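Data block below; observations after.
The values are calculated or read from the model by the stated rules, or taken from the named source; none is laboratory data. Remember, it's a predicted structure, so these values are computed and weren't measured experimentally. A quick note on method: Cβ atoms are made from the backbone with ideal geometry, for glycine too, and the neighbour counts reach across all protein chains shown. When the accessible area is computed, the model is the full protein with side chains, heavy atoms only, and any ligands, DNA or RNA have been set aside. Shrake-Rupley method; radii C 1.70, N 1.55, O 1.52, S 1.80 Å.
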Amino acid sequence: MTRDVLISISGMQIAEDDSNSVEMITTGDYFMKNGKHYILYDEIQEDTGGVTKNTIKIHGSGLDIIKRGSSSVHMTFEKDKKNMSCYATPFGELMIGVSTKDIQINEEEDSLKVRVAYSLDINYQHVSECNIVLDIHSKATADFRLLN
């Protein structure tokens, strides 16, 4: 895969009486180091205009999502494990619990696709069931479209 990539991130949160879906497409940088895939991209916060630096690290047993900016978190997804992390926001800190049920990683020459199903806890209370799909393609071969 080339260093310049297009990244599609889509997700679904299903709570007791509500569901919420999110989808975004952005550009980023890709590299491989010590057998791990790294995807770096910036996210502009709509409300403040600030920038959050994002790192996704994909390895054989799972993935890590690291956000640094006005809000910061390091979430780890490993199948059949619950991982806790502190989510620092401008309004205070939250304890985030991620119980990963399934991870599927599909590597091809010019693409990488990751599907994750997990439960989300905030401050030790179950909030929702979630799915996230990361689709990373070399810029030259990418063909993404937003569904909505």
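How about the range 50-148: which chymotrypsin sites (Phe, Trp or Tyr not before Pro) there are in a DSSP loop, with at most 15 other Cβ atoms within 10 Å of their Cβ? Listed in order of number, the matching sites are Phe91, Tyr124, Phe144. The string of couplings for the range 127-139 from the Karplus curve (6.51, -1.76, 1.60, θ = phi - 60°) is 10, 6, 9, 9, 10, 9, 10, 9, 10, 10, 10, 4, 3 Hz, one whole number per residue in order, with x for Gly and Pro. Rolling a 1.4 angstrom probe over the protein heavy atoms with all chains in place gives the chain an accessible area of 60 Å² per residue.
Taken one residue at a time, the phi angles of the range 25-32 give Karplus couplings (6.51, -1.76, 1.60, θ = phi - 60°) of 10, 8, 9, x, 10, 10, 7, 10 Hz. Gly and Pro are set to x. Please list, in order, the residues from the range 21-49 whose amide nitrogen is less than 19 Å from a point placed 7 Å along the Cα→Cβ vector of Ile66. Flagged as within label range: 28-44. For the chain, carbon and sulfur atoms together expose 48% of the accessible surface, with a 1.4 angstrom probe and every protein chain in place. Across the chain, the mean sequence separation of Cα contacts (distance under 8 Å, 6 or more residues apart), normalised by length, yields a relative contact order of 22 percent. Projected onto the charge dipole of the chain (+1 at Lys/Arg Cβ, -1 at Asp/Glu Cβ, origin at the Cα centre), which of Met32, Pro90, His126 gives the Cα projection farthest towards the positive end? Value: Met32.
If you compute volume of the Cα convex hull per residue in Å³ for the structure shown, which of (i) 122; (ii) 156; (iii) 113 do you land on? Given (i) 122; (ii) 156; (iii) 113, the calculated one carries the label (i).
Across the range 101-115, computed HN-Hα scalar couplings (Karplus, 6.51 cos²θ - 1.76 cosθ + 1.60, θ = phi - 60°) run 8, 8, 9, 10, 10, 10, 9, 9, 4, 10, 8, 8, 10, 10, 10 Hz from first to last residue, x flagging Gly and Pro.
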